[in-house]
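The values are calculated or read from the model by the stated rules, or taken from the named source; none is laboratory data. These numbers were taken from a predicted model, which means no experiment stands behind them. Here the Cβ is made from the backbone with ideal geometry for all residues, glycine too, and neighbour counts use every protein chain on show. The area values use the complete protein model at the heavy-atom level, side chains included, leaving out ligands, DNA and RNA. Shrake-Rupley method; radii C 1.70, N 1.55, O 1.52, S 1.80 Å.
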Amino acid sequence: MKRILLIEDEVSIAELQRDYLEIEGFQVDMKHDGKSGITAALQGDFDLIILDIMLPGMSGFEICKQIRAEKDIPILLVSAKKEEIDKIRGLGLGADDYITKPFSPSELVARVKAHLSRYERLAGQQPRNQVLFVQGISIDQSSRKVQVNGKDIPFTTKEFDLLVFFVMHPNQVLSKDQLYERIWRMDSAADVSTVTVHVRKLREKIEQNPAKPEHLETVWGAGYRFNV
C-alpha cells in the first residue's frame with residue numbers, strides 16, 4: 001500500500017482529500033501545520049507528498065525545499081493562489097506538480113496516480129548506457145548523479161530526467177510541448193511555463209554562462225536544442 005503525506009491546514013479539505021485517496025487504496029497521514037508537516041516528511045517513509053503552500057508555522061515553499069534536499073519522491077504543491085510566479089517558484093524548488101484550488105478530489109487522485117506510476121517506471125529502468133558523457137558533463141543514470149567539470153551538482157528528479165532526455169536527443173529541436181509530454185506525461189497546453197523554469201535551472205547548473213548558453217540553446221519560436 002502506497003503511503004501519502006497530506007499537509008493541509010484546512011481540516012475539512014484534508015479529510016475530503018484523504019477519503020478519496022483511501023477509497024483508491026492509499027494510506028494517508030495528515031498534518032495541519034508546517035512544523036509537524038516537515039518533521040513527518042523528513043522522518044517518515046512516504047511515497048508521495050501533497051503539500052499546501054499557505055501553512056501556519058512554515059510555508060509550503062520552505063518545506064518543499066527541505067524535502068527535495070534530502071528525498072527524491074513526488075511532491076504536489078497545492079495553493080489557492082493563481083499567480084504564475086508562485087507556480088514558477090514551486091517548480092523551481094523541485095516540486096513535481098502544482099494544483100490550484102478549487103479542484104476536484106478525483107483530479108487530485110488522478111495526478112497522484114500519474115506521478116507514482118512515473119516514479120515507479122524510473123525506479124525500474126535499467127539504462128543501456130549507465131553513464132553518459134558530453135562536453136564536461138557526466139551523467140550516471142544508475143545513481144542519478146551529475147558531475148559538471150568534475151564537480152558534483154545536485155539535480156531534482158525532473159531536472160535530471162530533462163537533462164538525460166536532451167543528451168539522448170542531441171542537436172534536435174524539441175518543442176516545449178514535446179518536452180512536457182515526455183517528462184511530465186501530461187497535457188502541456190496550460191503548463192508550458194513548467195518547461196521554461198526547468199530549462200533555466202538546467203542552464204544555471206551546466207552552463208559556464210547561463211545568459212549565453214553553449215549547450216542548451218533556445219530556438220526561438222520552436223523550442224530548445226542541446227548542442228554537442
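Inverting the pair-averaged 1/r between distinct Cα atoms of region 1-133 gives 15.1 Å as its Kirkwood hydrodynamic radius.
Of the GluC sites (Glu not before Pro) found in region 65-118, the ones in coil according to DSSP and having at most 13 other Cβ atoms within 10 Å of their Cβ are E83.
Which net charge results when you count Lys and Arg as +1 and Asp and Glu as -1 among the other residues whose beta-carbon is under 12 Å from that of K151? So the surrounding residues net to +1. Pairs from the table (K101/K212; K87/K145; K31/K205) lying more than 31 angstrom apart at Cα are K101/K212; K31/K205.
Heavy atoms of the protein chains alone define the surface here; on that basis the chain has 50 Å² accessible area per residue at 1.4 Å probe size. Close amide-amide hydrogen proximity is noted between L55 and G60, each under 5 Å apart and 5 or more residues distant or on a separate chain (H modeled in the peptide plane; Pro and chain starts excluded).
Using every Cα-Cα pair within the chain, state what percent have a distance larger than 21 Å. Summing the P(r) tail past 21 Å for the chain gives 56 percent. Across the chain, the longest run free of exposed loop sites, meaning chymotrypsin sites (Phe, Trp or Tyr not before Pro) lying outside DSSP classes H, G, I, E and B with no more than 12 other Cβ atoms within 10 Å, spans 104-219.
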